[in-house]
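Questions regarding the structure given below will be posed in turn.
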Amino acid sequence: MAQRLAVLIDGENIGAEHAAALLAEIALRGEIAVRRLYGDFSGARLQQWTIAAKEYGLELHQHNANGGCKNASDIALVIDAMDLLHKRQYQGFGIVSSDSDFTRLAARIREEGCSVFGFGRRNTPQSFRLACTEFVCTDDLASAPRVFGKRHAATPLLTDVVRLLADAKGWAPLSEVGQQLLTRKPNYKIAFGHAKLIAIVRETLAFDVNHEGTHIRLKPEQKVRLAG
C-alpha cells in the first residue's frame, strides 16, 4: 500500500508555475492525502497560485501579511505540520519551500519516523536539504519531461481507454477519454503533471490528435510496437 503523504506548500516562496510538475513528482512517492497551500492570497501577487489551487485541488490557507508578522504563513505551516504529525495518519510529508527556517521542522518530523520530501529552488540552503529524507530541486522539475524509461507513464492507461472508446477508424472522443480516466484514476492530472488532458496526450507522443483537438487515436507505429 502506498504511503499517505501530507503536502504543505509555502506559496510565498515557490512559484505557481511549478505546480503541475511538483504534484506529479510527489505523487510518485505516495498518495497525497493532504494538500495545503499557505500565503496571503488577498492581493495580486499570488494570483497564479489561486488559479492553480482550483485546478489541482489545493486547500488555501490564507494568512494576511499586513498584520506586522512577515512569517505568518511559515508559522501556520509549522503548526499544521505538527498537528498532522501527531495524528499518526501520515507516513510522509512534502514540504515545498526554499526557506531554511523549515530545517528544524523537517528534522523533527523525521525523528518521529516519517519521511520528509523537500522541494525547493537550486539556492535552497544546505541545512534544509540535508534535514530532508530526499530533496528535489524545482528548477529541474520545470524542465524535466514527464517520461519514464522509454515510455511515458500515461501511455498504457491512455491506450487502454482509447481502444475501449475507439470507432472503426480508431478515433476516440477526448471528452469521453477524460471521463474514463477520472473513473479509473481520479488524480490522473496530478500524477501525469498537466491540468489539461490534451497536454498529457501530446506529451506521450503516442497518439494522433485531429485538427479540432476533439478526438485522438493511437499512432500506427504504437500499434505495431504494442502488438510486438
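At what distance in nm do the modelled label points of ARG88 and GLU55 sit from each other, each positioned 7 Å from its Cα along Cα→Cβ?
The answer from the label model is 4.0 nm.
Once you place label points 7 Å from the Cα toward the Cβ at THR133 and SER100, how far apart are they in nm?
Calculated label separation equals 2.5 nm.
Give the Rg/Rh ratio for segment 78-199, taking Rg as the radius of gyration of the Cα atoms and Rh as the Kirkwood radius, to two decimals. Walk me through the numbers before you get to the answer.
On the way: Rg = 19.3 Å, Rh = 17.2 Å.
Taking Rh as the inverse mean 1/r over Cα pairs, Rg/Rh reads 1.12.
Find the Rg to Rh ratio for segment 148-227, where Rh is the Kirkwood radius over alpha-carbon pairs and Rg uses the same atoms. Intermediate results must be reported in sequence, preceding the final value.
Values: Rg = 11.6 Å, Rh = 12.6 Å.
Reported Rg/Rh, Kirkwood definition of Rh: 0.92.
Continuing with this model, one more query. Once all Cα-Cα distances of segment 1-117 are split into 10 Å bins that start at 0, what whole-number percent is in each one?
That works out to 13, 48, 33, 6, 0, in percent per bin.
For segment 1-57, max minus min Cα coordinate along each principal axis, in Å, sorted largest first?
41, 19, 16
Eight or more residues apart or on different chains, and alpha-carbon atoms under 20 Å: count the Lys pairs in the chain matching that. Write down the numbers at each step before the final one.
Working: LYS54/LYS185; LYS54/LYS189; LYS54/LYS196; LYS150/LYS219; LYS150/LYS223; LYS169/LYS219; LYS169/LYS223; LYS185/LYS196.
Close lysine pairs under the 20 Å cut-off: 8.
(1) 7, 30, 31, 19, 11, 3, 0; (2) 8, 35, 38, 16, 2; (3) 7, 28, 34, 21, 8, 2, 0, 0: which one is P(r) over Cα pairs in 10 Å bins from 0, in percent as calculated from this entry?
(1)
Quick note: the coordinates plus some simple rules give every number you see, no bench work behind them. These numbers come from a predicted model, not from an experiment. Neighbour counts run over all protein chains shown; Cβ positions are idealised from the backbone, glycine included.
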